[in-house]
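K.L.:
My questions all concern the structure below.
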Amino acid sequence: MTWLAIALGLVAVVPAAAWWMQDRLVFFPQPLAGTPLPDDAQSLEVVAADGTVLRGWIRVAPNAPAPLILYFGGNAEEVSGTLADRRWPRGWSVAALNYRGYGASEGEPGEKAMQADAVALFDAMAGREDVDARRIVAFGRSLGAGVAVALAAERPVAAVVLASPYDSLVAVGRTHYPFLPVSLALRHRFDAAALAPSLRVPLLAIVAERDPVVPVERSRALYDAWGGEKRWKSVPGTDHNTLAVPADLWAELEKFLGPP
């Protein structure tokens, strides 16, 4: 009877602990990395609807008004490192805010807030004189894929680029925690697949050949559900954390976007 009681206790305690700790499993806020940014980078500040101040940067292309890439990073990413990369397509401006609680952004991260913040970022950028509001592309990496898809459902983005995308965090969670009632417990669901069929904008999905974090079948499920024109690119010899290391991702991005 003692062992039965222990087993029953574990059955109750483990899901409860997962419920209380899930934010720490989903979000990994990072401090400012101190990455040196190029000379074309300007500080960016957007005030969210609830008054939270979000901070990041925009790299402004010289051919204003220029098309713009809005970048949404992974769950453990402070975006200055990615913005500093020299391989972004020439002639395109690039902007990114750190999520709430990341970098110098205020607040705490959460699905609804992050999706609303993405809309606020789009609206702020679309109103700039140096941005071609008709050619704003949403680029989401890993967790940011769910943010980018949600933005595409709310605003007229010209295209969507997703690196290591997923259909929903519920589906990914079931892969990693099959012993937990993920579908019942998860608060931050990022259900991109539910939005995908209604989206008609072009999609570029870029995946790692071997991704232990977001299995390829989860990326494929979102890709298959997409309602518009789409392109799939698997980068050989890469995993979740090395997908952007080879030139493949950047070459495919430039080909997909076309000339500025």
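K.L.:
Check each of the GluC sites (Glu not before Pro) in the stretch 145-221 and keep only those in coil by DSSP with at most 15 other C-beta atoms within 10 angstrom; list them in order. Show your work: numbers first, answer last.
P.N.:
Numbers: sites: E154, E209, E217; in loops: E209.
Listed in order of number, the matching sites are E209.
K.L.:
How large is the translational diffusion coefficient of the chain in µm² per second when you combine the Kirkwood radius over alpha carbon pairs with Stokes-Einstein at 25 °C and 0.890 mPa s?
P.N.:
Calculated translational D: 130 µm²/s.
K.L.:
Given the stretch 148-260, what percent of its DSSP beta bridges are antiparallel, to the nearest 5? Write down the numbers at each step before the final one.
P.N.:
Values: 0 of 10 bridges.
About 0 percent, rounded to the nearest 5.
K.L.:
Under the 0.36 nm per residue contour assumption, what length would be gained going from the current alpha-carbon distance of E154 and E45 to full extension?
P.N.:
37.1 nm
K.L.:
Using helices alone, what [θ] at 222 nm do you get for the chain, with -39,500 (n - 2.57) per DSSP H run of 4 or more residues, divided over all residues and rounded to the nearest 500?
P.N.:
Helices in the chain give a 222 nm mean residue ellipticity of -10500 deg cm²/dmol.
K.L.:
Still on this structure, please answer the following. In what sequence do H188, H176 fall when counting other Cβ within 10 Å, fewest first?
P.N.:
Listed from fewest to most nearby Cβ atoms, that is H176, H188.
K.L.:
Next question. So for D23, D211, D117, fewest C-beta neighbours within 10 Å to most, what's the order? Spell out each step's value before the answer.
P.N.:
Working: D23 14, D211 22, D117 26.
Listing D23, D211, D117 from fewest to most nearby Cβ atoms yields D23, D211, D117.
K.L.:
Name the residues whose placed amide hydrogens come within less than 5 Å of the amide hydrogen of N75, ignoring near sequence neighbours (fewer than 5 apart) on the same chain.
P.N.:
Excluding prolines and chain starts, which carry no amide H, the hits are L143, G144.
Computed from the coordinates by the stated procedures, all read-outs in this text should not be read as laboratory data. The shown structure was predicted, so the numbers you read here are calculated from the model rather than taken from an experiment. Cβ coordinates were reconstructed from backbone atoms using ideal geometry, including for glycine residues, and neighbour counts include every protein chain displayed.
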